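Novice: Submitted below is the structure of interest, expressed as structure tokens.
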Amino acid sequence: MVQFDQFPESEAQYREAQVSAGGQQVYPAYARVSAMPYNTVWPGRQRPLDQTEDAGFVLMRADQPFEMTVTYCRPVQEVTVRPLSKKIVVRCEGCVARFTLPGPGQYTVEADGPHHAIAIFVNPPGQFGVDLDDPSVIYYGPGVHHAGQIMLKSEQTLYLEAGAVVYGSVMAIGARHVTIAGHGILDGSLEIRHDEDYLYPVATIESGSGQDDKDKSSVYLHPVSQARLPEDPPSMLAHLKAQRVLNGCIRFYHCHDIRVEGVTLRDSASFALIPANCTGIHIAWVKTIGMWRYNSDGIDLLNSSDALIEDCFLRNFDDCMVLKGVKGFDQRNVARVAMRRLTVWCDWGRALEIGAETCADAYHDILFEDCDLIHGAHMMMDIQNGDRARVHDIIFRNIRCEFSGDDLPCIYQSDMEESYEHAAARVIPATSTDGFDPAHMEFGLLMKSHNYCGVFSNDGKLGGVKDVRFDHIQVYLQKGASMPPSRFEGVDSEHMTEDVKITNLKVNGKRISSLEEAGILCTDYTRNITIQ
């Protein structure tokens, strides 16, 4: 079975190519994506469109391998289908590219470089076990819906049918047994970010604390209160409104047993999907696309535990799969989180990350496994411990990282009138980005772990990193790409990065057996960093 999902006729299409399979032909749906890794701390206005470009995506279902044809409106010389680990062979002739996809999965089709790519989302068949006659189910069928904010309560299910495009956001507070499912699209493009808005909730700063509220135009606020955020729904909702917290696409606060499966999240004004102070989380087959605005992260777990995230596609302009700890929720540690079979395109920041905010006593028993990192502007795998947490028992296993000579350097934009091309001409790669000097950036890193207190730190206390494994990491170098460096850093004898074990690191199939050959730099206050 091979079947395309049909988009509403009123929805914009990507008209630069047509896609066909199983005797069906469609234009991809439209998405705006980042064209270059050019970022800044929130400048009081949204990102200019000349830093973005058009792209497309297709939603379909299949239960078997099938041949796909992409017909472009121009001749193409070379077409690459990622992930490269799938070893998909493309046959090009003129304007036409043909290839066979192995079945369900997340793929990108890139003609003559990574720009204006088409994402192919092949979902497995299935109905998610949702009974549409159940009165606890909120249903959106095929077509366009302007829903605004959808509030879910305990035992409720939101179902977005294939072909549904819902403009709005979803939120649950203090709820149990909540589900969001379906093959539809949740679009956050109508939410506008203003200077007064927060990216996520923080505890109210107590009067008489002796410290001023931070500038709300900064990326993150730095709360000084140790207070916990309210957990009862009315008080929490009032707090969110008073603080003008952005909705993004999906928000769960203080919830237990939550499931998000199948849906596509498009064009969020903030982090796309946040579970905050939640337990019992399952996120599967979720796609993020069209994330071009400042701080449009993918999936950010804030002080949440007991989570499984699998089979997702994340393309975001900022960090993609992130585990954060923030004030107000930091009574809960980040623990027992598994992320597997993710396909990640990181247009800025980190592809797989712990931090930068790590306000919690501990992070532990965390697994990143069997993931394809198909583009990574800044860093592929990063432990960025900016607060007090003791981070330990972390595993990155079977991670495949793709580097190309087409990848552009990350640059912080200090002059809002300066073009990326002009800024790129004077960038000098640096040893650290903690100071955010736009003329000294590091980019294209494979692995990094560091402790620090910096611009994103909220605790004012240092943590440490211990017992980390990078196992079976494969690096694909293409088109003149050089060996990506890695860095491990500590601060002092009590706040170290230590006991890091790297095993079976391979570059284009060749096993790397020394830190020097791997391009790994270990600074002061690191200990027992080994490679085998």
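Novice: Tally the residues that are open to solvent by less than 30 Å² (accessible area, probe 1.4 Å) and of a type outside the set (A, V, I, L, M), restricting the search to segment 410-424.
Specialist: The total comes to 4.
Novice: Just the residues that are over 17 Å from Val263 (Cα atoms) and among the charged types (D, E, K, R), please, taken from segment 283-322.
Specialist: Within segment 283-322, Arg293, Asp306, Asp318, Asp319 qualify.
Novice: Give the residue that is modelled with the lowest pLDDT, with candidates limited to residues of segment 379-431 that are in contact with a Ser or Thr (Cβ under 8 Å, 6 or more places away or on another chain) and assigned to a loop (DSSP other than H, G, I, E, B).
Specialist: Looking at the filtered set, the residue picked out is Ser414.
For every residue, the table says whether it meets (1) closer than 26 Å to Ala276 by Cβ; (2) open to solvent by 10 Å² or more (accessible area, probe 1.4 Å); (3) touching a Lys or Arg at 6+ places or on another chain (Cβ under 8 Å).
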residue: Asp112; (1), (2), (3): no, yes, no
residue: His115; (1), (2), (3): no, yes, no
residue: Ala119; (1), (2), (3): no, no, yes
residue: Val122; (1), (2), (3): no, no, yes
residue: Phe128; (1), (2), (3): yes, yes, no
residue: Asp134; (1), (2), (3): no, yes, no
residue: Ala147; (1), (2), (3): yes, yes, no
residue: Tyr167; (1), (2), (3): yes, yes, no
residue: Val170; (1), (2), (3): yes, no, yes
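Novice: Can you confirm whether Glu369 is in a strand (DSSP E or B), open to solvent by 20 Å² or more (accessible area, probe 1.4 Å) and either in contact (Cβ under 8 Å) with a residue 12 or more places away in the chain or not aliphatic (A, V, I, L, M) (or both)?
Specialist: Details: in a strand (DSSP E or B): yes; open to solvent by 20 Å² or more (accessible area, probe 1.4 Å): yes; either in contact (Cβ under 8 Å) with a residue 12 or more places away in the chain or not aliphatic (A, V, I, L, M) (or both): yes.
Yes; evaluated as a whole, the condition is true for this residue.
Novice: Still on this structure: Inside segment 493-513, can you point out the residues that are closer than 22 Å to His450 by Cβ and open to solvent by 50 Å² or more (accessible area, probe 1.4 Å)?
Specialist: Here is the first cut: in segment 493-513, the residues closer than 22 Å to His450 by Cβ are 493-503, 505, 512.
Listed by number, the residues that qualify are Ser493, Glu494, Lys501.
Novice: Got a number for residues in segment 461-513 being among the hydroxyl-bearing types (Ser, Thr, Tyr) and in a loop (DSSP other than H, G, I, E, B)? Walk me through how you get there before you give the answer.
Specialist: Taking segment 461-513 first, the residues among the hydroxyl-bearing types (Ser, Thr, Tyr) are 476, 482, 486, 493, 497, 503, 513.
The next check asks that each one be in a loop (DSSP other than H, G, I, E, B); those that pass are 482, 493, 513.
The total comes to 3.
Novice: Looking only at segment 236-265, count every residue that is among the charged types (D, E, K, R), under 20 Å from the mean Cα position of the chain (by Cα) and surrounded by fewer than 24 Cβ atoms within 10 Å (Cβ to Cβ) and tell me the total. Working first, answer last.
Specialist: Kept after step one, since they are among the charged types (D, E, K, R), are these residues of segment 236-265: 241, 244, 251, 257, 259, 261.
With under 20 Å from the mean Cα position of the chain (by Cα) added as a condition, the list becomes 251, 259, 261.
Add one more test, that the residue is surrounded by fewer than 24 Cβ atoms within 10 Å (Cβ to Cβ), and what stays is 259, 261.
Qualifying residue count for the region: 2.
Novice: State yes or no: is Leu84 under 24 Å from Gly290 (Cα atoms) and out of contact with any Phe, Trp or Tyr (no Cβ under 8 Å at 6 or more places or on another chain)?
Specialist: Details: under 24 Å from Gly290 (Cα atoms): yes; out of contact with any Phe, Trp or Tyr (no Cβ under 8 Å at 6 or more places or on another chain): no.
In short, no.
Novice: Given the options Pro75, Pro28, name the one that is out of contact with any Lys or Arg (no Cβ under 7 Å at 6 or more places or on another chain) and open to solvent by 10 Å² or more (accessible area, probe 1.4 Å).
Specialist: Values: Pro28 fails: open to solvent by 10 Å² or more (accessible area, probe 1.4 Å).
One residue alone meets the criteria, Pro75.
Novice: Kindly indicate the residue of segment 514-532 that is among the polar types (S, T, N, Q) and not in a strand (DSSP E or B) and also surrounded by the fewest Cβ atoms within 10 Å (Cβ to Cβ) among those meeting that condition. Full working, then the answer.
Specialist: Here is the first cut: in segment 514-532, the ones among the polar types (S, T, N, Q) are 514, 523, 526, 528, 530, 532.
Retained after the next criterion (residues that are not in a strand (DSSP E or B)): 514, 523, 532.
Details: Ser514: 8, Thr523: 14, Gln532: 10.
Only one residue fits best here, namely Ser514.
Novice: A further question follows. Restricting to segment 66-94, name every residue that is touching a Ser or Thr at 6+ places or on another chain (Cβ under 6 Å) and closer than 20 Å to Gly23 by Cβ.
Specialist: Once the filter is applied, which keeps residues that are touching a Ser or Thr at 6+ places or on another chain (Cβ under 6 Å) and closer than 20 Å to Gly23 by Cβ, segment 66-94 yields Glu67, Thr69.
Novice: What residue, of Ser414, Ser404, is touching a Pro at 6+ places or on another chain (Cβ under 8 Å), under 22 Å from Val507 (Cα atoms) and touching a residue at least 24 places away in the same chain (Cβ under 8 Å)?
Specialist: Details: Ser414 fails: under 22 Å from Val507 (Cα atoms).
Exactly one residue qualifies, and that residue is Ser404.
Novice: Which one of the conditions (1) within 14 Å of Gln106 (Cβ to Cβ); (2) crowded, with 24+ Cβ neighbours inside 10 Å does Arg340 fail to meet, given that it meets all the rest?
Specialist: Going through the list (1) within 14 Å of Gln106 (Cβ to Cβ); (2) crowded, with 24+ Cβ neighbours inside 10 Å, Arg340 breaks only (2).
Novice: In segment 121-134, is there at least one residue being without any contact (Cβ under 8 Å) to a residue 60 or more places away in the chain, under 23 Å from Arg266 (Cβ atoms) and aromatic (Phe, Trp, Tyr)?
Specialist: Within segment 121-134, not a single residue is without any contact (Cβ under 8 Å) to a residue 60 or more places away in the chain, under 23 Å from Arg266 (Cβ atoms) and aromatic (Phe, Trp, Tyr).
Novice: Right, something else. Quick one: would you say Phe57 is modelled with pLDDT of 95 or more, open to solvent by less than 10 Å² (accessible area, probe 1.4 Å) and touching a strand residue (DSSP E or B) at 6+ places or on another chain (Cβ under 8 Å)?
Specialist: Against the criterion (modelled with pLDDT of 95 or more, open to solvent by less than 10 Å² (accessible area, probe 1.4 Å) and touching a strand residue (DSSP E or B) at 6+ places or on another chain (Cβ under 8 Å)), Phe57 qualifies.
Novice: Within segment 432-451, how many residues are farther than 14 Å from Thr40 by Cβ and either under 24 Å from the mean Cα position of the chain (by Cα) or modelled with pLDDT of 90 or more (or both)?
Specialist: Step one: of segment 432-451, the residues farther than 14 Å from Thr40 by Cβ are 432, 434-435, 440, 442-451.
Then drop every residue that is not either under 24 Å from the mean Cα position of the chain (by Cα) or modelled with pLDDT of 90 or more (or both), which leaves 432, 434-435, 442-451.
Counting residues in segment 432-451 that are farther than 14 Å from Thr40 by Cβ and either under 24 Å from the mean Cα position of the chain (by Cα) or modelled with pLDDT of 90 or more (or both) gives 13.
The values are calculated or read from the model by the stated rules, or taken from the named source; none is laboratory data. Note that the structure is a prediction, hence the values are computed from the model and not measured. Quick reminder, even Gly has a Cβ in these numbers, built from the backbone with ideal geometry, and neighbours come from all protein chains shown. SASA here: full protein model, heavy atoms, side chains in, ligands and nucleic acids out. Shrake-Rupley method; radii C 1.70, N 1.55, O 1.52, S 1.80 Å.
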